[in-house]
Amino acid sequence: MKVHFDKYQGTGNDFIIIDNRALEFPKGDSVMISNLCNRNFGIGADGLILLENDEAADFRMVHFNSDGNQSSMCGNGGRCIVHYAQKQNIINSKAEFTAIDGVHTATIAGNDVRLSMNDVANIELSKENAYMNTGSPHYLLWYSDLDNLNIIERAREIRYNKQFSEIGTNVNFLNYKNGIIEMRTYERGVEAETLSCGTGMVAAALFAFLSEKIPDGNECLIRTKGGETKVSFNPIGNGAFSDICLSGPADLVFNGEINV
């Protein structure tokens, strides 16, 4: 079967996006999905996203990591699929869609997408590190020398720690410099460093606020290897947050057809 796809990237986090409203794509075939995401033998991507019909919203987002397994919420992927839905004339400048963690809304201006994220609470916090779920689980720690970080070695010590053995965790290393949070991320399911991570950037902003790094109090600029995003939020006390939004670019890279 020939399948048409669009390849998107959001601050370097890249995705294969497929219109599956007809439910013809074999989404139970994890090996095939992993092969499509393979950068040597397939299209190449950090993940694959299906757009499907949803009775209660404009569409449904179904996200798979590059290992072929269905994953938790993806912030960069969420922005990309909103841009894709506009390109497919499913939406105009606003969207409401369902993901694995519930309903999200978004607005689009050019290639910039502002995406609502779920409220966050129950953050495990210390002076140097934090653990929270922002749609996906994230472990975060401050690290002053990101350029010389051996992220694979350091992150896997945490990723495969028995504390996270049941669900695994993404691992984020952060540095605060000149009013900007710089970060590098190791993603579970990809099992490598990615150029950025949307839910990780949200987690980084909240951790920075709780660490008293952000002077403005409710907005943060995050810089990754793949680019910059802005995270806004509303602290509601007891380490909880509402009105969280992730804003940044979503860009079409190329499209084509592939046999599956």
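Work out how much length TYR176 to ASN218 would gain on full extension: take 0.36 nm times their residue separation and subtract the Cα-Cα distance, in nm to one decimal.
Details: separation 42, 0.36 × 42 = 15.12 nm, distance 1.58 nm.
Gain on extension, TYR176 to ASN218, equals 13.5 nm.
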### Query
Quick one: length gained pulling ASP112 to MET1 fully straight, 0.36 nm per residue minus the C-alpha distance?
36.6 nm
### Task
Pull up the cross-link candidates among the lysines for LYS2, meaning alpha carbon to alpha carbon under 23 Å and not fewer than 8 places away within one chain.
LYS27, LYS87
### Message
Loop-only trypsin sites (Lys or Arg not before Pro) in region 35-143, please: DSSP not H, G, I, E or B, and at most 15 other Cβ atoms within 10 Å.
### Response
ARG39, LYS127
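Taking region 169-260, which GluC sites (Glu not before Pro) meet the DSSP loop condition and have no more than 10 other C-beta atoms within 10 Å?
On the way: sites: GLU182, GLU187, GLU191, GLU193, GLU212, GLU219, GLU228, GLU257; in loops: GLU191, GLU212.
When the GluC sites (Glu not before Pro) of region 169-260 are filtered for loop state and at most 10 Cβ neighbours within 10 Å, GLU212 remain.
For ASN238, what charge total do you get from the other residues with a beta carbon under 15 Å from its beta carbon, if Lys and Arg give +1 and Asp and Glu give -1? Mind showing how you got there, number by number?
Details: positive: none; negative: ASP119, GLU124.
Once all neighbours under 15 Å are counted, the net charge is -2.
Suppose every Lys and Arg Cβ carries +1 and every Asp and Glu Cβ carries -1, with no other charges. What dipole size does region 4-82 come out with about its Cα centre, to the nearest 20 debye?
Details: 6 positive and 11 negative charges, 44 e Å.
Here the size comes out at about 220 debye.
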### Message
Checking the cross-link filter: which aspartates and glutamates have an alpha carbon closer than 15 Å to that of LYS127, excluding same-chain neighbours under 8 positions apart?
### Response
GLU212
### Task
Sort VAL82, VAL62 so that the residue with the fewest other Cβ atoms within 10 Å of its own Cβ comes first and the one with the most comes last.
VAL62, VAL82
### Task
Would you work out if region 127-175 is rounded, prolate or oblate? Take a ≥ b ≥ c from the square roots of the eigenvalues of the alpha-carbon gyration tensor; rounded if a/c is under 1.5, else prolate when a/b is larger than b/c, oblate otherwise.
oblate
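Output the antiparallel fraction of DSSP beta bridges having both residues in the chain, as a percent to the nearest 5.
Values: 66 of 80 bridges.
So the antiparallel bridges in the chain amount to around 80 percent.
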### Task
Please identify every one of the chymotrypsin sites (Phe, Trp or Tyr not before Pro) in region 111-198 that sits in a loop by DSSP and has no more than 16 other beta carbons within 10 Å of its own beta carbon.
TYR160
### Query
Stretch VAL103-ASN122 to full length: gain in nm at 0.36 nm per residue minus the Cα-Cα span?
4.8 nm
### Message
Quick check of the Kirkwood formula: for the chain, what is the inverse mean of 1/r over all pairs of different Cα atoms, in Å?
### Response
18.3 Å
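What size of dipole, in debye to the nearest 20, comes out for the chain about its Cα centre when the only charges are +1 on Lys and Arg C-beta atoms and -1 on Asp and Glu C-beta atoms?
Details: 22 positive and 33 negative charges, 56 e Å.
Roughly 280 debye, rounded to the nearest 20.
I need the shape label for region 180-260. Rule: rounded when a/c is under 1.5, else prolate if a/b > b/c, else oblate, with a, b, c from the alpha carbon gyration tensor.
Working: a/c = 2.27, a/b = 2.09, b/c = 1.09.
Prolate, since a/c reaches 1.5 and a/b exceeds b/c.
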#### Entry: Under 22 Å from the Cα of LYS225 - lysines, other chains or at least 8 residues apart
LYS7, LYS177, LYS213
### Positive-end residue of SER126, TYR143, GLN70, charge dipole of the chain with Cβ unit charges
TYR143
### Query
What is region 89-161 by shape, rounded, prolate or oblate, if you read a ≥ b ≥ c off the alpha carbon gyration tensor as root eigenvalues and call it rounded for a/c under 1.5, prolate for a/b larger than b/c, and oblate otherwise?
prolate
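Taking every pair of alpha-carbon atoms in region 124-248, give the share separated by more than 19 Å as a whole percent. If you can, show how the numbers build up before the last one.
On the way: 3245 of 7750 pairs.
I get 42 percent for the Cα pairs in region 124-248 exceeding 19 Å.
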### Query
What is the distance, in nm, between label points placed 7 Å from the Cα along the Cα-to-Cβ direction at ASN53 and at GLU153?
5.4 nm
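Sequence gap at least 6, Cα distance under 8 Å: using those rules, report the relative contact order of region 106-156 to the nearest whole percent. Please list the in-between numbers first.
Working: 41 pairs, mean separation 10.0, N = 51.
Reported relative contact order: 20 percent.
We did not get these values from a lab; they are worked out from the coordinates using the rules stated. These numbers were taken from a predicted model, which means no experiment stands behind them. All Cβ positions, even for glycine, are placed from backbone atoms using ideal geometry, and neighbour counts span all protein chains on display.
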